[in-house]
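Single-structure report; data block below.
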Amino acid sequence: MPNLEPIRPSFHLEVLSSSQLEAIRTATLDVLKTIGICFPSERALAVFAEHGADVDFQNQIVKLPSDLVTQAMEQAPRSYTLGARHEDADLFLDGEASYLATDGCGVETLDFDTRERRPSRKDDVAKMARVADFLTSVSFYWPMVSAQDYGRTAPLHELDASFNSTLKHVQTETVMGRKPAEYAVRMGEVLADSREAMRERPPFSVLICTIAPLAQDKEGIEAGMVYAEAGIPVGFMAMPNMGSTAPATPGGALVIGNAEVVSAMVLMQLVAPGAPVFHSILASVMDPHTAEYIVSIPQKYLCNAAAVQLAHDWGVPTLAGAFGMDAKEPGTYKQGRDNAYTSLLVPLAGADLITGSGLLEASTLLVPEQIILDDEVYHTNRVLLEGIDTAAKSLALDVIFDVGPKGHFLAQDHTRRHLRDIWIPELTHPRPAGVGPSDGGMHQRAQAKLTRILADHQPEALPGAAREELQAILVAAAEELA
C-alpha cells in the first residue's frame, strides 16, 4: 500500500494583493480580446468560431471576448480527484494539500551501475517509478526520462512503464497529438476497467506546454481536446522567459503566461464543459550577457508563487514548479539554495500540485540519487509548513507539572511517545550502524538508500490481463504511428 505525506500548510503566503490580482486579470483579458492567441489547429479554430470568438482562420489567431472567457472558466471545476492504482493513493485537489511529483522528461541518465552518461531508456522510467512509489514525498509520478529505445511511441511506453511500476497517480507531459492521445486514453481505460470508472478516478493526467509568446502547440492542443472529452485532467504550462519570449518584468511574464494558459483552458471547456483542467506558469529569465536560460533567480521564485494565486483566482487547481533542476551536479551550494526557496514558496502559496524533483541540467539529466536528496528537502519543508501544534497533548502541561524544576523529561512516557514523532533528516544526521545508511558523505548515503529501495521495493504487479491489454495497445500504436 503506498504511503503519501503531502504538505498541509498551517499558514500561507500571498505574493500578490487583491488589487495586483485584479490588474493581472484585467491585462490578461485585454490581451485575449485585442491581441489574441495563435491556435494552429483547424478543429480548435472551428470550435472557437462556433462559440462566438473572433477567428482569423488564415493567420490562425483567435481573439476571445471577455464574457466568453469568464463564462467558460466558470464551468471548470475547482476540485476533482486524480485517481491511482490503489485508492489510498488518490489525490483530491481541494486546496487543502500540496502534492509533489518527480520532474520529467529528461533525455540522459547516469547509468545506475556504471555511472556513465547515456541516453535514457524505458527501463530507467520503470526503475525511477519504483523509487517514487516508495518515497512518501512523491504523491504522483512524472515519467522522469524518455524511453528513447522505443522511437515514436516512446511516450506511450513511458506510460506503460509507469503504470506497471507504481501504484500512484501518473502524469504524462509527452503524449501529444490526437492519435497518441487516443491510445493513451485506451490505456487509461484498461487501468480503470471502464470509460465510466476512468472519469470518476482517472489513473493519469496530462500536462501540455504552451508556446511563448501567445501561441499553442498544434499536437498539444489537439491531444488536449481528446483528453478533455474523455474526462482525463489536462493542465497547461506556460514558460515565459523574461527578456526573450516575455517582457523583461515579472508582471509582464505573468500576463503572457496567464493568457496562454487561460485560452487553452477555455477551449477545453468549450469542447467538454466541466472538463477537469489545471493552470501552470513557470517563468525564467534570459541572461543579458550570454542569452542563457536562468531559472535559479528570485524573480522566478516570485512568479511561481504568484502563479498559484492566479490559478485560484480563476477557480482551478494549479501545478507549480520547484527545486533547483538547472544545477549541473548534485549537492552544490547553488542547488541547495534553489531547492530551499522554490520548494518552500510554492506550497506556502497553496499550490495543489508541485513538480521538479530529481533532475538536473535544466531537467534534462537524471542523476538517480538526486531524488533522495530532494526527498529530504521536501520533508524539511513539510515539517516547517505544518507549523506548531498547541493542542493540550503538545503543550504537555501535565508532564511539566510532574517533572517540575530541575527535573528531566527523558523518563516520561510522553517523551518516549512523542520523541519518535520528530522527523530527523537521515542524510545529514545518519543513524547508528545497523539502523540506516551511515558510511561516507551525504551523497554516498543517498546512493546507498536508492540502491536499497531498488533492491527491496517492488510494487504490486498489474493483473496479467491488464498487462496483456496494454501490450496490445502498444503494438497497435507502433503499427499505426510508425
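The values are calculated or read from the model by the stated rules, or taken from the named source; none is laboratory data. A quick note: this is a predicted structure, and the numbers were derived from the prediction, not measured. Cβ coordinates were reconstructed from backbone atoms using ideal geometry, including for glycine residues, and neighbour counts include every protein chain displayed.
Does Ala230 count as surrounded by fewer than 24 Cβ atoms within 10 Å (Cβ to Cβ), out of contact with any helix residue (DSSP H, G or I) (no Cβ under 7 Å at 6 or more places or on another chain) and small (Gly, Ala, Ser)?
Answer is no for this residue.
Considering every residue within the range 53-66, establish whether at least one is touching a Phe, Trp or Tyr at 6+ places or on another chain (Cβ under 8 Å), crowded, with 20+ Cβ neighbours inside 10 Å and within 16 Å of Met265 (Cα to Cα).
Yes, there is a match, as at least one residue in the range 53-66 is touching a Phe, Trp or Tyr at 6+ places or on another chain (Cβ under 8 Å), crowded, with 20+ Cβ neighbours inside 10 Å and within 16 Å of Met265 (Cα to Cα).
Given the options Asp374, Asp398, Asp389, name the one that is touching a strand residue (DSSP E or B) at 6+ places or on another chain (Cβ under 8 Å), charged (D, E, K, R) and either over 23 Å from Met1 (Cα atoms) or touching a residue at least 24 places away in the same chain (Cβ under 8 Å) (or both).
Result: Asp374 is the single residue among Asp374, Asp398, Asp389 that is touching a strand residue (DSSP E or B) at 6+ places or on another chain (Cβ under 8 Å), charged (D, E, K, R) and either over 23 Å from Met1 (Cα atoms) or touching a residue at least 24 places away in the same chain (Cβ under 8 Å) (or both).
Checking Ala482 against (1) touching a residue at least 40 places away in the same chain (Cβ under 8 Å); (2) under 27 Å from Ala89 (Cα atoms), only one condition comes out false. Which one?
Only one criterion in (1) touching a residue at least 40 places away in the same chain (Cβ under 8 Å); (2) under 27 Å from Ala89 (Cα atoms) is unmet by Ala482, namely (2).
Looking at Phe57, Phe140, can you tell me which residue is within 23 Å of Ala184 (Cα to Cα) and hydrophobic (A, V, I, L, M, F, W, C)?
Going through Phe57, Phe140 in turn, just one is within 23 Å of Ala184 (Cα to Cα) and hydrophobic (A, V, I, L, M, F, W, C): Phe140.
Can you tell which of Leu360, Leu348 is modelled with pLDDT under 95 and in contact with a helix residue (DSSP H, G or I) (Cβ under 9 Å, 6 or more places away or on another chain)?
Within the list Leu360, Leu348, the selection yields Leu360.
May I ask you to verify whether Phe57 is within 14 Å of Glu200 (Cα to Cα) and without any contact (Cβ under 8 Å) to a residue 24 or more places away in the chain?
In short, no.
Out of (1) of a type in the set (Val, Ile, Thr); (2) at pLDDT below 95; (3) touching a helix residue (DSSP H, G or I) at 6+ places or on another chain (Cβ under 6 Å), what's the single condition that is false for Thr332?
Here Thr332 clears every test but (3).
Within the group Leu474, Leu481, Leu462, which residue is under 20 Å from Pro2 (Cα atoms) and of a type in the set (A, V, I, L, M, F, W, C)?
Of the residues listed, the single one that is under 20 Å from Pro2 (Cα atoms) and of a type in the set (A, V, I, L, M, F, W, C) is Leu462.
Could you tell me whether the range 254-272 includes any residue that is in a loop (DSSP other than H, G, I, E, B) and either free of Cβ contacts under 8 Å to residues at least 24 places away in the same chain or not basic (Lys, Arg) (or both)?
Checked the range 254-272: at least one residue is in a loop (DSSP other than H, G, I, E, B) and either free of Cβ contacts under 8 Å to residues at least 24 places away in the same chain or not basic (Lys, Arg) (or both).
Looking at the range 10-44, which of the residues that are in a helix (DSSP H, G or I) and of a type in the set (Gly, Ala, Ser) is nearest to Ile211 (Cα to Cα)?
Selected residue: Ala44.
Here are the criteria: (1) part of a loop (DSSP other than H, G, I, E, B); (2) within 29 Å of the chain's Cα centre (by Cα); (3) surrounded by 15 or more Cβ atoms within 10 Å (Cβ to Cβ). Tell me which single one Pro430 does not satisfy.
Single failed check for Pro430: (2).
Kindly indicate whether any position in the range 279-292 is surrounded by 17 or more Cβ atoms within 10 Å (Cβ to Cβ), touching a residue at least 40 places away in the same chain (Cβ under 8 Å), in a loop (DSSP other than H, G, I, E, B) and not β-branched (Val, Ile, Thr).
yes
Among Ala49, Ala84, Ala76, which is the only one that is part of a helix (DSSP H, G or I) and aliphatic (A, V, I, L, M)?
Just a single option satisfies the conditions, and that option is Ala49.
Please find, among Leu21, Leu32, the residue that is over 21 Å from Leu345 (Cα atoms), crowded, with 16+ Cβ neighbours inside 10 Å and not acidic (Asp, Glu).
Leu32
Return yes when Gly251 is of a type outside the set (D, E, K, R), surrounded by fewer than 23 Cβ atoms within 10 Å (Cβ to Cβ), under 25 Å from Val62 (Cα atoms) and over 20 Å from the mean Cα position of the chain (by Cα) and no when it is not.
Yes, satisfied.
Going through the range 96-110 one residue at a time, which ones are assigned to a loop (DSSP other than H, G, I, E, B), modelled with pLDDT of 95 or more and not charged (D, E, K, R)?
Correct list: Ala97, Val107.
Do we find a residue being surrounded by fewer than 10 Cβ atoms within 10 Å (Cβ to Cβ), under 27 Å from Gly331 (Cα atoms) and either free of Cβ contacts under 8 Å to residues at least 40 places away in the same chain or touching a Pro at 6+ places or on another chain (Cβ under 6 Å) (or both) anywhere in the range 408-420?
Looking for residues that are surrounded by fewer than 10 Cβ atoms within 10 Å (Cβ to Cβ), under 27 Å from Gly331 (Cα atoms) and either free of Cβ contacts under 8 Å to residues at least 40 places away in the same chain or touching a Pro at 6+ places or on another chain (Cβ under 6 Å) (or both), one finds none in the range 408-420, hence no.
Looking at the range 416-465 only, could you name the residues that are among the small types (Gly, Ala, Ser), closer than 17 Å to Pro368 by Cα and modelled with pLDDT of 90 or more?
Within the range 416-465, Ala446, Ala448, Ala455 qualify.
Might you check whether a residue that is closer than 15 Å to His443 by Cα and out of contact with any strand residue (DSSP E or B) (no Cβ under 7 Å at 6 or more places or on another chain) occurs anywhere in the range 345-356?
Among the residues of the range 345-356, not one is closer than 15 Å to His443 by Cα and out of contact with any strand residue (DSSP E or B) (no Cβ under 7 Å at 6 or more places or on another chain), which makes the answer no.
Identify all residues within the range 362-416 that are closer than 30 Å to Gly104 by Cα and in a loop (DSSP other than H, G, I, E, B); write none if there are none.
Those that are closer than 30 Å to Gly104 by Cα and in a loop (DSSP other than H, G, I, E, B): Ala362, Ser363, Thr364, Val367, Pro368, Glu369.
When you scan the range 230-253, how many residues do you find that are in a helix (DSSP H, G or I) and closer than 22 Å to Lys300 by Cα?
4
With respect to Arg201, determine if the residue is modelled with pLDDT of 95 or more and either among the aromatic types (Phe, Trp, Tyr) or touching a strand residue (DSSP E or B) at 6+ places or on another chain (Cβ under 9 Å) (or both).
Yes; evaluated as a whole, the condition is true for this residue.
If I ask for residues that are of a type in the set (Val, Ile, Thr) and at pLDDT 90 or above, which ones from the range 277-297 would you list?
Residues satisfying the conditions are Val277, Ile281, Val285, Thr290.
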